[in-house]
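The values are calculated or read from the model by the stated rules, or taken from the named source; none is laboratory data. Computed from a predicted model, the values in this text were never measured in an experiment. Positions of Cβ are generated from backbone atoms using ideal geometry, with glycine treated the same way; all protein chains shown enter the neighbour counts. The protein model used for the area step is the full one, side chains on, heavy atoms only, and it has no ligands, DNA or RNA in it. Shrake-Rupley method; radii C 1.70, N 1.55, O 1.52, S 1.80 Å.
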Amino acid sequence: QVQLVESGGGLVQPGGSLRLSCVASGSIFRIYTMDWSRQAPGKQRELVADITSGGSTTYADSVKGRFTISGDNAKNSVYLQMNSLKPEDTAVYYCTFRAIETVSWGQGTQVTVSS
C-alpha cells in the first residue's frame, strides 16, 4: 500500500498563492496516476489535476491557467502550485495515488481563500 501525506494548506487572501505537497511512501508501481482533488462543504468531490507516471497532466476547467501539478520522483512527491486563488477554491484538498492494484489517499489539507 502507498501512504500519502499532504501539507501546505492554509488561509490565503483572494489572488494569493499556495503550494501543496504530497509525499508518498510504501509500495512501488511502474504505471500510476497521482491526482489532486478537493471537496468543499455541501459539494461533491472534484478532480482538480492529475499527473501520470509518464508525465502527462490534466486540469479541471475551473483551475486551468491558475494551478500547476508537478512531481519530483527523487522525493516521491507531487505538488500543486495554486495561483490567483479564488474564494470558490476553498476546500479540503486530497492527494490520491491510483494504480491497477490499489488506490490510496491522504488525510487532506485545508485551503481557505478569504479576505
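For region 66-85, the set of residues classified as surrounded by 15 or more Cβ atoms within 10 Å (Cβ to Cβ) and farther than 11 Å from Trp36 by Cβ consists of Arg66, Gly71, Asn76, Ser77, Leu85, listed by residue number.
Looking only at region 58-87, count every residue that is free of Cβ contacts under 8 Å to residues at least 24 places away in the same chain and part of a helix (DSSP H, G or I) and tell me the total. Going through region 58-87 one residue at a time, the tally reaches 2. Only residues that are at positive phi and either open to solvent by 60 Å² or more (accessible area, probe 1.4 Å) or at pLDDT 95 or above (or both): list them for region 7-65, please. Gly8, Gly10, Gly15, Gly42, Gly65 - these are the residues of region 7-65 that are at positive phi and either open to solvent by 60 Å² or more (accessible area, probe 1.4 Å) or at pLDDT 95 or above (or both). Conditions first: (1) touching a strand residue (DSSP E or B) at 6+ places or on another chain (Cβ under 7 Å); (2) farther than 17 Å from Gln13 by Cβ. Ser53 passes all but one, so which condition is the exception? Every listed condition holds for Ser53 apart from (1).
Can you find, within region 97-115, the residue that is farthest from Gly42 (Cα to Cα) among those that are modelled with pLDDT under 95 and of a type in the set (Val, Ile, Thr)?
Let us first name the residues in region 97-115 that are modelled with pLDDT under 95, namely 97-106, 115.
Narrowing the set further to residues that are of a type in the set (Val, Ile, Thr) leaves 100, 102-103.
Numbers: Ile100: 31, Thr102: 28, Val103: 24 Å.
This residue is Ile100.
Number of residues in region 86-111 that are surrounded by 15 or more Cβ atoms within 10 Å (Cβ to Cβ) and out of contact with any Cys (no Cβ under 7 Å at 6 or more places or on another chain) equals 14.
Against the definition (touching a strand residue (DSSP E or B) at 6+ places or on another chain (Cβ under 9 Å), closer than 19 Å to Gln107 by Cβ and either touching a residue at least 24 places away in the same chain (Cβ under 8 Å) or not in a strand (DSSP E or B) (or both)), how does Leu47 come out, yes or no?
Values: touching a strand residue (DSSP E or B) at 6+ places or on another chain (Cβ under 9 Å): yes; closer than 19 Å to Gln107 by Cβ: yes; either touching a residue at least 24 places away in the same chain (Cβ under 8 Å) or not in a strand (DSSP E or B) (or both): no.
No: the conditions fail for Leu47.
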